[in-house]
Each structure stands twice: as C-alpha cells, then as structure tokens.
Amino acid sequence: MYPGRGRGNQRTPPTGPRLDRRPQSGRPQERVETKDRAIVVTTNCFRITKLPTAEYVMYDVTFAPENGEPIKKDHVKRKEELVRHMQNMVAPHVFTVPLLYDGGAIAYAHPNTSNALGSEQTFRVHLRHAGPPPPEIRNAVVIKLKLTKAGTIAATEINEVVIHGRDSPRRTELLNFMQLIVRQATNNVHANNGRAYFPERGLNFPGHNHLELRTGIFHSVRPAIGQAVVVVDTSVAIFYRKFSLIDALLAFFNTRDIRFLEKSEGFKERLGAINHIFKGIFIRETKGGRKGGRRKIKGFQSDGALYQFENDDGVTLTIAQHYQQVNNQRLAHHRLPGVIVATKPKLIIIPMELCDIEPNQFYRKAMNDRATSEIMSIARLDPPDKMDAIKEGARQYQLAQALNFSGMEVESRPLDVPAIVKPPPQVQYSTGVAVVRDGKWNLIRQKVIVPAKHSRWALLNLALMKMPSRDLDRHISSFVQGVRALGLSLDNTPLIQKSAGPQQLTMVLEELRRDIEKTCGSGIFNPDKSKEPNCPNFFVLIILEKDGIEPRSVLKHWGDVAHGIVTQCVCVDKVTRLSERSAPQYWANVALKLNPRLGGENSRVAQSNVMNELAKTVSMIVGADVGHPGPGVYKPSTVALVYNLNPFATKYGAITQLQDPRQEIVSNLESMMKEAMEALMEIARSPLKNIVFFRDGVSEGEYDAVKDVEVKAINAAIDALWATYKPLVNKGFPKPKLTYLVVGKRHHTIFFPAQRMASEKIENCPAGVVVNQGITQPTTKDFYLLSHAAIIGTSRSSHYIVLQDEVFGGDTPKIEELAYALCHVYAKATRSVSIPAPVYYADLVCLRHSYHFAPGVEYRLRAANSPASEFPEQRRPPFDLQPWRASFEPPHRYVRHNMYFL
C-alpha cells in the first residue's frame, strides 16, 4: 500500500513492502540476466526494392443498372465481377493494362489505359454476354469511368509521403494504391476479404459439416522508416460449403433424413436455427436444367411448395402447381420450407430442392468459444511450417502482372532486423524471489506476498449427479490444503454447505443469503451498502457443470453485484479428475484467483528500475478496452477502465459502463477517469503525479480519433479534478503527466530467430524480444514486444504505439521495460502474458458485462430490440441506450476494489 494508508481487509507482510531479492535459504542461487542482449530476427516482411515507376491516374467508377435497382455499396463481389467482365469481355482493346479497382468507387489506370479511356467513358455490361450486349438486352449495367482531379501518382510522391513520412492529405490514398498493386492478382482470382485471399482448398470443420475452413494469405503494404515492406502472414476463414441447400441443412442438423426438415414436432425451433445460419447467403436456382442468377436468401417460409398465392391471372395455386404448369417441373419435396428471395414489390419463394449455395461465401456468424478453439487448433502452425507458408505466399509477387506493369518490385527474401532481448524482471513472493526462465516461473514452496485475512467460507454444489455428497469431504480437504500451501488462511471446513440442481438455484441462493446473515450478521447485506461488511473475507466455493453458463451468470450477479460476496466457481469435471499429484497445482491456481479477490496480493515484480521509479510517486497505470457485441447481435458495447490501487501495480479497481453498439471511441472517458483518479488519491492520500494509459482494441485508422477525443477527455478530467477536488484546490500541486499508448494484438507482424537458439525447441523467439527499428513506422513512435513464450504454435508479439509521452519524455526503452514488467503481474498466471496485466484485466471486465444485469433482464432488453434486426445495419433506427444503462448495475462496493473480475 501507499505509505500511511492501510486497509482493513489485508495484511502487510512482517518485512513491509521491501522487495527481498535474496533467494530462499537452502536454494542454489540461479544466474539471472540483467542486461539487454542484441540479436537479429527474421520478420515476415518483404522489402519493396523498387517503387512504382508508371504514373497512374484515378478514375471515379459508378454503376447504373438499367432496371433501376441500385447496386449497394457492400455488394463488392458483384462490382468486381462487372469490372472484370468489362475489361476482359466487353472492351479488352481499351484495357490492355487492367485497372487497379478497389471494389468500391475508385480505379487507377496505367498510362496506356488512361490514354485509351480519356477523361470519361461508359460501358454497357451484362454478365451473360461475352461482349457488348446488344440494345435489346435488358438489365445491363452501365459502368461510367470519369477522370478525377486528383492528379497522377508518382514514385517521388510515394517516396516522400509514405516512406519518409512527409505530411500529406494523400497519404492514405497513396498507401491504398500500393495495396491494390500487391493484392490485384490474388484478389481477382480467389475469394477474399480485401486483406487476405483464400484458395478453394477446404478443410473439414468437425461438428460443423455445413461449413469448411480455408487457410489463406494475408498481405499488406506497410511503411517503415526509410523503406516500405509487404507483410505476409497466414490466415484462416470459415466458408459455407458448396452444397445444395438441402444437403447443407442436413449437414447442419447432422442427419440424413430429409423428413427432419419438414413440419413436425420442434419445427419452429429448427426453422429459427435455419434462419439464423442461412439467412443472407446467396443461392442459385436450377430451373429447367439452367441455372438462374444469384439470389440472396431473405428468409424461409414454413409451408414450402404447398404455399398458396394468386398468379397474374387471378388464379390461386400452390408453388408446386405453378412450377408444374409454367416450367413443366415436378417437385419432389413439397413439405420442405420455401426459400424467400424477395419481399418487395411482391413475395417470391423458391423451392428448396432447386437451390444450390453459391461457392466462396464467408461464414460471418458468431462462433462459440469451443468452436473458436477448434478453429485455432486446426489453423495453428509451428514456426518452420509458418515460415514456409509465408515464403510460398510471397513468391507470387515475382510473377504478378500488376507489379510488372507498375514497375514495382518486392524482394523474395524476408527481411532481417536488429532486435534486443530484455532481461525478465523477477517475481517476488513472501518466501523469496522466483526466477523467470523462458517466460515462466515455479510456485513450488512459494507463498503469496500478501495473503488475505483469515477467510470463512461456504460450499455450494450444483453438480450433484457428478459430485455426490459422499465425495465432497475428500475434495474439501484437498482444496483447503492447496490454498493454505500458498499462504492463505481459511477454516478447515465450510461454515455452510448446500447442494442443489441448477433449476433450484434462485431458491438455494436465497437460503444461502439467509444462512450467511445468521452467521455473519445482517450488516453483510446492508441495503444501502454504506457500511463495511461484518464478515469481509467470506467467499462461496461453487461446483458447476462444465456448460454452466446460465447458472454462472446468476451466481456472479448475486455475488459481485447484488451482495458483494466473493464467489469462486470450479468445474466438476476438472475436480473429479484430480489425482493426488495434480490436485495441489489445480487448487494453487484457484488460490491465485481467490487471494486478490479477497483483498490479498499474489506477487510483485522485482528488479525493474522503471517500476521502482514509478512506485516512488503516486502513479496511475490504466488499462482500457471496449468490448463489442458479436456479428448479428444488436446490443451495447461495453467500456472497461482498470486502474492500479497500489504502488506496485498489482492490485486494481475497475469501472465499467455501456455505450452505443460498435462505437470504439470511449464516450464517457472524462467521468470514468475522474472517478478512478479520486479513488487512487483517496487511497494514496497524496496527489497524482503520473498517468500511463494503455488502450486496447484501437485499429490503425482510429489513432487520430482516439488522440483527438480520448487524450483530450483525460486532460479534461485532470483539469476538472484539480479545479474541484478539495484536497487539491489552491494547493499548488502540479497536474499529472500523461503517457498514452495503444496496444495492438491483432496485427500480422511475426518474428523468428535469424539463427536457431539452442533453448528454443520449436524455433520461436524467446520472451523479451523488442523490435524498435527496421520495420517501425515513419510517422509514429512504436515498437513490438514479444513478452511471452509460446506454449504451442508460433508466438506473436504485441504492437505498442506511443501517441503521447510526457511521463518518460520520449525515453522509449523505459516504456518497453514498463510494458514488459507489467506482463509479469497478471494475478492468475505463473508465466508472462502477451499484453500488460491492466489491459488483460480490462478485457476480462468487458467479457463480464452480462453479469451486471439481473437474471432475465438482458434477454428481455434484447427481445425488445429484436425488430431492429429486420433492418439492414445502415437503415436501423437509432439504438435506445437508456433502458440498457438503467438496468446495468455497477459492482458492489464491497468487491469493486478487490479484483472481482478475475
């Protein structure tokens, strides 16, 4: 704790906060690295050795369908098909050098092509005609190309703006131009999402037979100081299988019985699932042996071919009768749901048996955690395989037509850059220092540095079928021994013990509340939450089934929000599989979560100069993140701000709020920062001197926005607090300095040892590698830090972008050291993590957003918003955030400063 400030619910070690750097008595002293070590790493970046020499010009591209139906902005694939057909089939004599088309409204023309086009030209295009369509052909699309006033793109301008960082409004345009050159060949041939392409080589996706996984290649032009590079990486995406629609639905339900798709018991639920998975994809109808055009599925009609409608002659007939009379086609499956492909100006339903799914369609629905884990497992590559795939992807640049026409050249060998390996900080426990090796350390014979005060506890068993009462005593004893081994103090047996099925959860929690009140006194559930609890270190150990998502949500709201009682859930399958050998490690991991949530502190970082310097003053370390709803989910985004409560940056409080869906910029940051600064200064009893703000989840295109909005909001919070907070007003205390960094996890830059190191068995770089030259940005101070050792697969660094630095005055190595040290204080782990702990914690807080709603409330709010899902996203009515905010409850004051989110 800060000097002069104690807290009632934790115990200071007898030696005080001094970090004992001596090894525990009786242990051999290990050699510890203390200096940076220089190495060379191989990247997945390929240097652009020659910039484009041909001077391209920009054209506006517009599409005017003659049937009057506009082509929507997001119909990129159709636009690309039309432009490709125009160049290859309608006017190949004009487009002797193909356009560089971006899939939207811009195309760049080579000098040969621009000379033929002139200032403006139009072309009639029909995809079913190999040439200019004759006048009598209806439904052609008129494509107009009009020369813009943007001027030519020359190598000298690219060199000055992109490579050397000269400020220019055309910077993004120039970079996008180079992206188009690199991506033109592959993206015109393969399915792509703009950034990565995916050849048609599908992998099986167990448990999801209607889908396939494809591995592909991501590639992107990146500016670096004095050069430009192409970053090449492997990627993975989910696609719908190229099936008939019937086969796809049978695969989805994992059945061969086509009658399962007909009306029968449970049909309503099945139809809802079909709508969720297949609505929005493209199909083609085969009618009379001929395939029709691409149609989007708008929904499904339960009556299928038996659906009755009135034809143009005023006769009522079924869809089956219509196909028999008009197309002489007898349908075989009248009772299958019909496929709705249009609702305006009239309803159009196609028989399912005539529909085939169009190939190369991405699956964009949200996947559950288990499926996501399976995807990562299938797609994972060890370093040698990863590098082979990257090199193979880069070979196409040597033959790419667009590069040859432009004069641009890309080196075939990946770029080597200098790097350093930072020595790891050591980890301090009350029993001595744990030495960090290869990004991990051992807990054997170690005890937490500050154990929580003696705890009383209750046990709630919600997995009676797998954990009968007769087996509980053995596991209770094992739990107590494991927790005490880390230095925590608790009763030998639970004060209260209950068992129930998940369906009885609400009733048993009320009983448990009454029993705890009787034992600990009514103050523990004080309705106004204004007093400290009578029994502050009370927790409930809960045994849950593996898939206990709903009970867990009820439990966490009951404990963290409603009553301020710590609840620790464990999975019954893991507990029942514990052996005498594995049990101590498992319960030690549980203790690492439990101790901070009860007010204790697991460990601290030793041998970090920058951490020691910051600890001398009141310094705030902040992690912030915005969590967004998954695809197709219409609900608010969650903002989390996590901040340290002690000088060692090991204890954290959290503030969480809601804002409009998918809004990345934090809208209420000023008030959140004021609350956090007040909380820290109240604990420290001293004015704040430094703020180091780590911001997660910001894409490169949002750097300017967060700097303009969020940095200003933090400074506004400081100004407001210094003007109104009584301990600061008119005292002359200087305002705190601010350093603001973005932490990027989803970048594609990878590092490999240039020379294989003996200790790296799977050929990954060691933990602690920092790259701050060679591939860093010319306009922004940034660096890459690989803070963890990969357990499996290829390790990935995090990318740190410094948008403002007042605390360290531009001394980037100090920021690197701080970030690396903070990767070693993640309370739940005995290994360094990939991002600083406060950033990780902010992510955890975002993931817990559902726990802040009383049971059933979030479901009702989502149901009230469900009509909005019928609208395209760009035409949805404004989101009503107010009822969500009114129902979103903050964490209980008893737990909000005790890391309830672990």
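Structure notes:
- Scope region 796-829; condition in a loop (DSSP other than H, G, I, E, B), farther than 30 Å from Val450 by Cβ and free of Cβ contacts under 8 Å to residues at least 60 places away in the same chain; matching residues: Arg796, Ser797, Gly809, Gly810, Asp811
- Identity of the residue in region 274-301, assigned to a loop (DSSP other than H, G, I, E, B) and small (Gly, Ala, Ser), that ends up least open to solvent (accessible area, probe 1.4 Å): Gly280
- Positions within region 69-105 being of a type outside the set (Ser, Thr, Tyr), over 18 Å from Ala140 (Cβ atoms), surrounded by 15 or more Cβ atoms within 10 Å (Cβ to Cβ) and under 30 Å from the mean Cα position of the chain (by Cα), in sequence order: Val76, Lys77, Asp102, Gly103
- Helices (runs of 4 or more DSSP H) contained in region 658-739 and holding at least 3 residues in contact with a Lys or Arg (Cβ under 6 Å, 6 or more places away or on another chain): 712-724
- Meets criteria (touching a strand residue (DSSP E or B) at 6+ places or on another chain (Cβ under 9 Å), assigned to a loop (DSSP other than H, G, I, E, B) and outside the structural domain of Leu594 (by the TED database)) for Pro418: no
- Checking region 302-324 against the condition returns a match, with at least one residue being out of contact with any helix residue (DSSP H, G or I) (no Cβ under 6 Å at 6 or more places or on another chain), buried (at least 17 other Cβ atoms within 10 Å of the Cβ), at positive phi and without any contact (Cβ under 8 Å) to a residue 60 or more places away in the chain.
- Unique residue being under 24 Å from Ala790 (Cα atoms) and surrounded by 14 or more Cβ atoms within 10 Å (Cβ to Cβ) when the list is Phe733, Phe751: Phe751
- Here Ser553 does not qualify as buried (at least 21 other Cβ atoms within 10 Å of the Cβ), in contact (Cβ under 8 Å) with a residue 24 or more places away in the chain and of a type in the set (Ser, Thr, Tyr).
- When residues of region 575-596 are limited to those that are buried (at least 19 other Cβ atoms within 10 Å of the Cβ) and at pLDDT 95 or above, the one farthest from Glu816 (Cα to Cα): Trp587
- Qualifying residue in region 421-434 (condition: in a strand (DSSP E or B), farther than 26 Å from Ile274 by Cα and open to solvent by 10 Å² or more (accessible area, probe 1.4 Å)): yes
- Flag for Ala332 being part of a loop (DSSP other than H, G, I, E, B) and free of Cβ contacts under 8 Å to residues at least 24 places away in the same chain: yes
- Given (1) on the phi > 0 side of the Ramachandran plot; (2) at pLDDT 95 or above, number of the condition Ile775 does not satisfy: (1)
- Checked against (1) closer than 30 Å to Thr776 by Cβ; (2) open to solvent by less than 70 Å² (accessible area, probe 1.4 Å); (3) in contact with a helix residue (DSSP H, G or I) (Cβ under 7 Å, 6 or more places away or on another chain), Ser412 passes all but condition (2).
- Failed item, numbered, when Tyr841 is tested on (1) in a helix (DSSP H, G or I); (2) touching a Lys or Arg at 6+ places or on another chain (Cβ under 9 Å); (3) at pLDDT 90 or above: (2)
- Only one of the numbered conditions (1) at pLDDT 95 or above; (2) in a loop (DSSP other than H, G, I, E, B) is violated by Val61, and that is (2).
Yes/no per residue for (1) open to solvent by 10 Å² or more (accessible area, probe 1.4 Å); (2) in contact with a Phe, Trp or Tyr (Cβ under 9 Å, 6 or more places away or on another chain); (3) farther than 30 Å from Leu415 by Cα; (4) not assigned by the TED database to the domain that holds Thr739:
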| residue | (1), (2), (3), (4) |
| --- | --- |
| Asn772 | yes, yes, no, yes |
| Thr779 | yes, no, no, yes |
| Gln804 | yes, yes, no, no |
| Ala821 | no, no, no, no |
| Tyr826 | yes, yes, yes, no |
| Tyr840 | yes, yes, yes, no |
| Ala864 | yes, no, yes, no |
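- Condition met for Lys263 (open to solvent by 30 Å² or more (accessible area, probe 1.4 Å), under 28 Å from Asn327 (Cβ atoms), in a strand (DSSP E or B) and not small (Gly, Ala, Ser)): no
- Subset of region 701-757 [outside the structural domain of Glu682 (by the TED database) and aromatic (Phe, Trp, Tyr)]: Phe751, Phe752
- Positions within region 330-348 being touching a helix residue (DSSP H, G or I) at 6+ places or on another chain (Cβ under 6 Å) and open to solvent by less than 40 Å² (accessible area, probe 1.4 Å), in sequence order: Leu331, Leu336, Pro337, Gly338, Val339
- Number of residues in region 609-635 that are under 18 Å from Tyr859 (Cβ atoms) and under 16 Å from the mean Cα position of the chain (by Cα): the value is 4.
- Residue that is surrounded by the most Cβ atoms within 10 Å (Cβ to Cβ), among those in region 109-121 that are under 12 Å from Val94 (Cβ atoms) and more than 43 Å from the chain's Cα centre (by Cα): Leu117
- Strands (runs of 3 or more DSSP E) wholly inside region 90-152 that include at least 3 residues being free of Cβ contacts under 8 Å to residues at least 60 places away in the same chain and at positive phi: none
So that you can scan it fast, the table gives a plain yes or no per residue for (1) open to solvent by 20 Å² or more (accessible area, probe 1.4 Å); (2) modelled with pLDDT of 95 or more:
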| residue | (1), (2) |
| --- | --- |
| Arg183 | yes, no |
| Thr186 | no, no |
| Phe205 | no, no |
| Asp233 | no, yes |
| Phe239 | no, yes |
| Ser244 | yes, yes |
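- Residues in region 628-646 that are open to solvent by 20 Å² or more (accessible area, probe 1.4 Å) and modelled with pLDDT of 95 or more: there are none.
- Inside region 450-479, residues that are out of contact with any Phe, Trp or Tyr (no Cβ under 8 Å at 6 or more places or on another chain) and among the polar types (S, T, N, Q) make up a count of 3.
- Flag if Leu443 is at pLDDT below 95 and open to solvent by 20 Å² or more (accessible area, probe 1.4 Å): yes
Yes or no, residue by residue, for (1) open to solvent by less than 80 Å² (accessible area, probe 1.4 Å); (2) at pLDDT 90 or above:
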{"residue": "Ile476", "(1), (2)": "yes, yes"}
{"residue": "Gln497", "(1), (2)": "no, yes"}
{"residue": "Lys529", "(1), (2)": "yes, no"}
{"residue": "Pro536", "(1), (2)": "yes, no"}
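The values are calculated or read from the model by the stated rules, or taken from the named source; none is laboratory data. Bear in mind the structure is a predicted one, so any value in this text is a computation, not a measurement. No Cβ is skipped: glycine too gets one built from the backbone with ideal geometry, and neighbour counts run over all protein chains shown. Each accessible area value is taken on the protein alone, full model and side chains, heavy atoms only, with ligands, DNA and RNA left out. Shrake-Rupley method; radii C 1.70, N 1.55, O 1.52, S 1.80 Å.
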